[in-house]
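Comments concern the structure below.
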Amino acid sequence: PFRFLYDASQPIKAKIDAIARRFYRAASVSYSAEADAKIAHFERLGWDTLPVCMAKTQYSFSADPELKGAPEGFDLHVRDIRASLGAGFVYPLCGAMQTLPGLPTRPCFYDIDVDPESGDICGLF
């Protein structure tokens, strides 16, 4: 059965540390000044009770895509952290991670159609 690697009542940094050390096999976790400030802000807002979902490269357990596979003993650097409140989690960004923008409230596919006479697709642009 599924279980978290950390106790849900732990602070955000303790949750990140548990994931980094127990799952990714990191020796340590470091934080940018921006990540530190945002974590403190999230905790003041009460978001420290939310689960943590790590955002990092898919090529390595580290945040370095050149360090392929399952290395051990590295420092996992958290450069930023964001909250996805609708989904109910916070997500640290490790390394040069890009994220996609959120979806609109009304999906764009509602505006796309095929003209039955010409077969042309309309509404794409």
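Counting every pair of alpha carbons in the chain, the share spaced more than 22 Å apart comes to 47 percent.
Against the empirical 2.2 N^0.38 Å (N residues), the stretch 5-73 has a Cα radius of gyration ratio of 1.16. For PRO11, neighbours were defined as the other residues whose beta-carbon sits under 14 Å from its Cβ, and their charges (Lys and Arg +1, Asp and Glu -1) total -1. Between the listed residues PHE4, ALA35, LEU85, the Cα displaced farthest toward the positive end of the dipole of the chain, a dipole computed from Cβ unit charges relative to the Cα centre, is found at PHE4. Across the accessible surface of the chain, with the other protein chains kept in place and a 1.4 Å probe, carbon and sulfur atoms take up 58 percent. Per residue, the chain exposes 66 Å² of accessible surface when a 1.4 Å probe is rolled over the protein heavy atoms with every protein chain present.
Restricting to the chain, compute how many DSSP beta bridges are antiparallel as a %, nearest 5. In the chain, approximately 55 percent of DSSP beta bridges are antiparallel ones. Computed on the Cα atoms alone, the convex hull of the stretch 57-102 gives a volume of 87 cubic angstrom per residue.
Sites listed here are trypsin sites (Lys or Arg not before Pro) in the stretch 36-69 whose DSSP assignment is loop and whose Cβ has at most 14 other Cβ atoms within 10 Å: LYS68.
The values are calculated or read from the model by the stated rules, or taken from the named source; none is laboratory data. This one's a predicted model, so the numbers in the text were calculated from it and none came from an experiment. Backbone-built Cβ (ideal geometry, glycine too); neighbour counts: all protein chains shown. Accessible surface is based on the protein model in full, side chains and every heavy atom, while ligands, DNA and RNA are left aside. Shrake-Rupley method; radii C 1.70, N 1.55, O 1.52, S 1.80 Å.
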